[in-house]
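Any read-out appearing in this document is the output of simple, stated calculations on the displayed coordinates, not a laboratory observation. The shown structure was predicted, so the numbers you read here are calculated from the model rather than taken from an experiment. We place every Cβ from the backbone using ideal geometry, glycine too, and count neighbours over all the protein chains shown.
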Amino acid sequence: MSYDRSVSAPEHELGPETVWHLQMPQIRFGRDAVEELGFQLADLGVDSDDDPHGLLVTDEGLVEVGHVDRVTDHIADAGYDVTVWDGAEREPSIENVDSCLEFVRENEGEDGYDFYVGFGGGSCIDVAKATRAIVANGGQVLDYVAEPTGEGEALTESGPPLVLMPTTAGTGAEISPVAIFSVEEKEIKEGISSNHIRADAAVLDPTFTTTLPPDITGKTAMDALGHAIEGYTTHPFDGLLRASDPQARPVYAGRTELTEMFSEKAIELLSGNVRTAVHNGDDLEARSAMLKGALFGAIAGLTAGASLAHAMAYPVGNRYHTYHGETIAVLTPASTLGYNAASDPERFVRVAEMLGADTGGLSTRDAADRARQEYVRLQQDLNVIPSGLTELADITEGDVDWLARQTVETQQRLLRCNPRPVTEDDAKAIFRDALHNWE
């Protein structure tokens, strides 16, 4: 068995991995699940008799539509005092997290709050995750970002209880062990990856998603579908190198039979309900299916590993300030469903069939290519997804070299998860392919 191109732990043995590991927050899911938020905090050990003071991290838009008041009312009814910080930005920068950290330290000192709640899309949730962990460990964001951008220090403490509540069916950030931020001066995105970033609990209430406009509904759904497909098509866990120490095992550790089951159900739920959710956003049954699909896709993709589409998306998003979900959407046909299909055609045939393609009478390789065709057809039906990188952000052939170089030089954490090796020339060809997914 060759390990030349295997994903491996930073410190590993020259032998295949034999153990897989799954770590999840407590999860509450369902209509009006917000009503159990107080119970969830108590279950995590936050005692209202101790007069605890918490912080809710969110954004101004959710304050304006009234969702934040609904959450804080339930927290107050349970006997807890909570302060709202609504400064989270779309695609947050490290400076945005620093602002939240400064707010915490100015108001509560170095010890911070007694509990934290992150409420919103992936941006709000990532700011909440990083803030809680960095307050608990001390220092600043860059202390815990990998070298050479940061100092590469390891988190050793998780901090007080953290509950995350998503308002989009997309990123899966509510259960992930990663927080992603832009480093604007370097035009890159970096992350903090640690199980100490992961929340203690996630409360998923689909009633918060019905106010999402059609375009955001479709774009976030494509991120969720990307997680599910990437998790389904990445390396198997026992094709990787075994960590010398369990602590060194990567958080993206390859697919297992368990993650495959979640991927399959996620692809079914998301592809089967996104058209309804986009075109009839008040359909709570479709909204619930979408939120469940996003959760399942995250369990699969954020355990097994996100790969090529996500690696390519970060340089695009950081330089052109595009939404993460729509960036994943325009890159997936050329990357995950195009370039990667050669890694395991039979597996991509199953993806095509889960997306609704009729593969009867086709060769295995031709049937694998139907996954891309069916995915593009889905995007066209939604009518809210750009047709490629050019429509997304006026990206042209002249931008390809820089994007490819940034992908290969800054995103090895994700490229190591990819089922097919990617050189800079490969990345250039994939970016060119993604300029136009349809005319």
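Here are the numbers for this structure:
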{"item": "Globularity index of the stretch 1-135, i.e. its alpha-carbon radius of gyration over 2.2 N^0.38 Å", "result": "1.33"}
{"item": "Environment charge at residue 53 (Cβ cut-off 9 Å; Lys +1, Arg +1, Asp -1, Glu -1)", "result": "-4"}
{"item": "Net length gained if the chain between residue 412 and residue 111 were fully extended (0.36 nm per residue, minus Cα distance)", "result": "104.9 nm"}
{"item": "Per residue convex hull volume, Cα atoms of the stretch 272-403, in Å³", "result": "123"}
{"item": "P(r), alpha carbons of the stretch 171-318 - 10 Å bins starting at zero, rounded %", "result": "12, 37, 36, 13, 2, 0"}
{"item": "Two-site FRET efficiency, residue 439 against residue 47, from Cβ-Cβ distance with R₀ of 56 Å, rounded to 0.05", "result": "0.35"}
{"item": "Principal-axis tilt of helix 308-320 within the chain, Cα atoms, nearest 10 degrees", "result": "60"}
{"item": "Projected area averaged over orientations for the stretch 375-439, convex hull of C-alpha atoms, nm²", "result": "5.1"}
{"item": "Charged-residue dipole, Cβ positions (Lys, Arg, Asp, Glu), the chain about Cα centre, Debye nearest 20", "result": "1820"}
{"item": "Potential lengthening between residue 245 and residue 405 on full extension [0.36 nm per residue; Cα-Cα distance subtracted]", "result": "54.3 nm"}
{"item": "The chain, helix-only ellipticity at 222 nm - DSSP H runs n ≥ 4, -39,500 (n - 2.57), divided by all residues, nearest 500", "result": "-14000 deg cm²/dmol"}
{"item": "Approximate spin-label separation residue 95-residue 21, in nm, with each point projected 7 Å along Cα-to-Cβ", "result": "3.7"}
{"item": "Between 0 and 90°, nearest 10: helix 94-108 axis offset from the chain longest Cα axis", "result": "20"}
{"item": "Interatomic Cα distance distribution for the stretch 117-192, bins of 5 angstrom, percent", "result": "3, 16, 26, 24, 18, 10, 2"}
{"item": "DSSP-loop GluC sites (Glu not before Pro) across the stretch 1-93, with at most 14 other Cβ within 10 angstrom", "result": "11"}
{"item": "Inter-site label distance for residue 143 and residue 373 at 7 Å from Cα along Cβ, in nm", "result": "5.5"}
{"item": "Cα-based shape type of the stretch 83-149, given that a ≥ b ≥ c are square roots of the gyration tensor eigenvalues and the cut on a/c is 1.5", "result": "oblate"}
{"item": "Whole-number percent relative contact order across the chain, with pairs defined as alpha carbons under 8 Å at least 6 apart", "result": "16"}
{"item": "Two-site FRET efficiency, residue 342 against residue 31, from Cβ-Cβ distance with R₀ of 45 Å, rounded to 0.05", "result": "0.55"}
{"item": "Note, ³J(HN,Hα) from phi for the stretch 232-243, Karplus 6.51, -1.76, 1.60, rounded to Hz, x at Gly and Pro", "result": "6, 10, 7, 4, x, 4, 8, x, 9, 7, 6, 5"}
{"item": "Three-way shape label, the stretch 212-434, alpha-carbon gyration tensor, a/c 1.5", "result": "rounded"}
{"item": "Amide H within-cut-off set for residue 29, under 5 Å, with H built and near neighbours excluded", "result": "204"}
{"item": "Peptides 198-204, 75-81, 293-299 ordered by average Cβ neighbours within 10 Å, highest first", "result": "293-299, 198-204, 75-81"}
{"item": "Cα long-axis angle, helix 424-434 against the chain (0 to 90 degrees, to the nearest 10)", "result": "90"}
{"item": "Radius 9 Å from Cβ of residue 171, net charge of other residues (Lys, Arg +1; Asp, Glu -1)", "result": "-3"}
{"item": "Cα shape, the stretch 278-348, gyration tensor, a/c 1.5 rule", "result": "oblate"}
{"item": "Gyration tensor (Cα) of the chain, equivalent ellipsoid semi-axes in angstrom", "result": "33, 25, 21"}
